[in-house]
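Inspection log for the structure reproduced underneath, given as C-alpha cells.
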Ligand SMILES: CC(=O)N[C@@H]([C@@H](O)[C@H](O)[C@H](O)CO)[C@@H](O)CC(=O)C(=O)O
C-alpha cells in the first residue's frame with residue numbers, strides 16, 4: 001500500500017536571523033517572530049538558515065542553535081519547519097542534517113556547494129544523497145538558486161537522478177526565473193513538491209502549477225501574497241495580476257534604491273516591530289533612518305496590518 005505523504009503547500013517564509021548590534025544571535029525574539037508570522041501574515045511554514053537567514057555566514061554551532069530555537073517555538077503552532085543544511089563542506093552538511101532530525105525539524109534542504117562546485121550532475125546527486133542520508137527520516141528538498149551558487153544544471157535533468165538515488169527526496173525549492181525548467185519539473189514529476197522562490201513573479205509560477213512558494217517577502221507580504229493566490233485559485237486572474245503588480249511595484253522601489261538582503265532585514269524590522277538587527281558582514285545596509293517613513297507607508301498600502 002502506498003504511504004500517504006504530506007505535501008508541502010502554500011507560503012513558506014524564509015526567515016531572517018535576528019541579531020544583536022554586535023552581530024550575535026538574538027534568539028529570544030524568535031518566539032515573537034513565530035507568533036507574528038502566524039497572526040499577522042497567516043504564514044505557517046518556515047525555511048530556516050537559508051539565504052535570507054544568512055545561513056552561509058553563520059557557524060555550524062549557530063545554525064544548530066537557530067534550528068533548535070525555531071523548532072521549539074514553531075512546534076504545534078506551525079505546519080512545517082524546513083532547515084537548510086547546505087554548506088561548502090559535506091561533513092558540515094551531514095552534521096547539520098543529523099542535527100535537524102534530532103531536534104525535531106520537519107524537513108531539510110540543501111544547496112549545491114558553490115566554491116568548489118560539483119564536477120558533474122552525477123557528482124552533485126552523489127553529494128546530496130550523502131547529505132540526505134544523514135537524516136533519512138526527513139523529507140529532503142534540493143535548493144536550486146543558480147544566481148548565488150553558480151551551479152546551473154537543469155533541475156528537470158537532476159530530478160530523475162534524485163528520484164532514483166535519494167529515497168527521502170521530496171521536492172525542490174526553485175529560486176530561479178527559468179519557468180520552462182520549473183514547468184517541466186512539475187509536469188514530469190507530479191508526486192514531488194515544487195516550491196517557487198522568486199517572489200516577484202510567483203503568479204507566473206502558479207500558472208505553471210507551483211505547489212507553494214518559499215521567499216523572503218512572505219515575512220512581511222504574506223497576507224497580500226495569499227490574497228493573490230486565492231484570487232488565482234478562484235480564477236480571478238485580473239485580481240491576481242493586480243495584486244502581483246502591486247507587489248512588483250514595491251520590489252521595483254526596493255531594487256531602484258539598490259537594496260537587497262541587508263535592507264530586506266531592516267524592512268522586516270520596520271514592518272513587524274521586531275528588531276532583526278543588522279545583517280552580518282560582508283553585508284552592510286544602506287537603508288538610512290530618513291527612508292523609514294517611506295518604506296513604512298509603501299508597505300502599509302500593500303499589507304495593512
Ligand atoms: C536570491 C534570494 O534571496 N531569493 C529569495 C527571494 O525570496 C527574494 O528575496 C525575493 O524574490 C526578492 O527578490 C529566496 O528565493 C531565498 C530564500 O528563499 C532563502 O532565504 O533561502
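Quick one: count up the residues across region 20-63 that are in contact (Cβ under 8 Å) with a residue 60 or more places away in the chain, more than 15 Å from the ligand (Cβ to nearest atom) and closer than 23 Å to residue 175 by Cβ.
1
Filter the helices (runs of 4 or more DSSP H) completely within region 77-164 down to those with at least 2 residues that are more than 16 Å from the ligand (Cβ to nearest atom).
Hits in region 77-164: 90-102, 121-133.
How many of the residues making up region 64-79 are in contact with a strand residue (DSSP E or B) (Cβ under 8 Å, 6 or more places away or on another chain) and buried (at least 19 other Cβ atoms within 10 Å of the Cβ)?
The total comes to 6.
Pick from 270, 195, 238, 281: which is surrounded by fewer than 20 Cβ atoms within 10 Å (Cβ to Cβ) and touching a residue at least 60 places away in the same chain (Cβ under 8 Å)? Show your work before the answer.
Values: 270 fails: touching a residue at least 60 places away in the same chain (Cβ under 8 Å); 195 fails: surrounded by fewer than 20 Cβ atoms within 10 Å (Cβ to Cβ); 238 fails: touching a residue at least 60 places away in the same chain (Cβ under 8 Å).
Criteria check complete, one pass: 281.
Please work out which one of (1) over 20 Å from the mean Cα position of the chain (by Cα); (2) within 16 Å of the ligand (Cβ to nearest atom); (3) at pLDDT below 95 is the condition residue 300 fails and give its number.
(2)
The values are calculated or read from the model by the stated rules, or taken from the named source; none is laboratory data. Just so you know, these numbers come straight off a predicted model, no measurement behind them. Counting neighbours? That spans all protein chains shown, and the Cβs are built from the backbone with ideal geometry, glycine included.
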